[in-house]
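The values are calculated or read from the model by the stated rules, or taken from the named source; none is laboratory data. Keep in mind it's a predicted model, so treat the numbers as computed, not measured. So basically every Cβ, Gly included, is an ideal-geometry build from the backbone, and we count neighbours across all protein chains shown. Just so you know, the surface numbers come from the protein's heavy atoms only, side chains and all, with ligands and any DNA or RNA stripped out. Shrake-Rupley method; radii C 1.70, N 1.55, O 1.52, S 1.80 Å.
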Amino acid sequence: IYASGQIDLKAQYMPATAELRRIGLEMCFPKGFENVEYYARGPWENYIDRCSGSMYGRYYTTIDDMFEPYPKPQSMGNREDVSWCALTTKKGDGVLFVADYEQRMSTSALPWSALQMALAAHPHELPKTDGTYLHLDCQVTGLGGNSCGQGGPLEHDCVKGALHQMSFVIRPVFEGQ
């Protein structure tokens, strides 16, 4: 942690299970952190096996627009190959996350936690939001083809129970920057 407020974070994960949906960090920010800006694949939701139609660029969105109205709430709104993302208030204050130049990350920001979405059978059963939940992941499992009836994601698009590492910089952002 530096005097400027910058934080250098390096994390290593060694999961005890063979396969995971995602591996990384989930952070909760207070209500009001609703604007998302990022340089990654976009502008729409994309995953490791569903990103060829998503172009690299600088995009702006909100946590409400990252929500996809699936019949069953679930992990959603993912963006792949993220170089950086910022989560800010309407005033423009917030936090910037810059991925290590050798390894981009995956990210999503939603008004509900992964647990809150898993416990809701339908979107109308989601609780009143208590903040903004930001995911910064070193890997997210692909979607595969289960919605069409044939199998899950390919082997190389799955998060395996092996050593995973990620590093990024966290910087404060202030109005007008």
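Would a scan of segment 69-76 turn up a residue that is among the hydrophobic types (A, V, I, L, M, F, W, C) and either in a strand (DSSP E or B) or open to solvent by 60 Å² or more (accessible area, probe 1.4 Å) (or both)? Taking every residue of segment 69-76 in turn, none turns out to be among the hydrophobic types (A, V, I, L, M, F, W, C) and either in a strand (DSSP E or B) or open to solvent by 60 Å² or more (accessible area, probe 1.4 Å) (or both).
Picking from residues in segment 152-166 that are open to solvent by 20 Å² or more (accessible area, probe 1.4 Å) and not in a loop (DSSP other than H, G, I, E, B), the one that is nearest to K90 (Cα to Cα) is Q165.
Answer yes if at least one residue in segment 31-42 is open to solvent by 60 Å² or more (accessible area, probe 1.4 Å) and part of a loop (DSSP other than H, G, I, E, B), and no otherwise.
The answer is yes; a qualifying residue exists.
Among the listed residues F168, F174, which satisfies the condition of being under 15 Å from E26 (Cβ atoms) and aromatic (F, W, Y)?
Exactly one residue qualifies, and that residue is F168.
Only residues that are more than 14 Å from H164 (Cα to Cα), out of contact with any Phe, Trp or Tyr (no Cβ under 8 Å at 6 or more places or on another chain) and hydroxyl-bearing (S, T, Y) were counted in segment 5-57, giving 2.
Please state which one of G92, G131, G149, G144 is open to solvent by 30 Å² or more (accessible area, probe 1.4 Å) and either modelled with pLDDT under 95 or not hydrophobic (A, V, I, L, M, F, W, C) (or both).
Result: G149 is the single residue among G92, G131, G149, G144 that is open to solvent by 30 Å² or more (accessible area, probe 1.4 Å) and either modelled with pLDDT under 95 or not hydrophobic (A, V, I, L, M, F, W, C) (or both).
Which condition number in (1) on the phi < 0 side of the Ramachandran plot; (2) touching a Lys or Arg at 6+ places or on another chain (Cβ under 7 Å) is the one that K160 fails? Going through the list (1) on the phi < 0 side of the Ramachandran plot; (2) touching a Lys or Arg at 6+ places or on another chain (Cβ under 7 Å), K160 breaks only (2). When restricted to residues that are under 13 Å from the mean Cα position of the chain (by Cα) and not in a loop (DSSP other than H, G, I, E, B), segment 77-97 contains 9. Checked against (1) surrounded by 14 or more Cβ atoms within 10 Å (Cβ to Cβ); (2) modelled with pLDDT of 95 or more; (3) of a type in the set (A, V, I, L, M), M55 meets all criteria but (1). Within segment 13-30, the set of residues being open to solvent by less than 50 Å² (accessible area, probe 1.4 Å) and part of a loop (DSSP other than H, G, I, E, B) comprises just one member, P15. Just one residue in the set A86, A109, A99 is hydrophobic (A, V, I, L, M, F, W, C), surrounded by 12 or more Cβ atoms within 10 Å (Cβ to Cβ), within 18 Å of P172 (Cβ to Cβ) and touching a helix residue (DSSP H, G or I) at 6+ places or on another chain (Cβ under 6 Å); that residue is A109.
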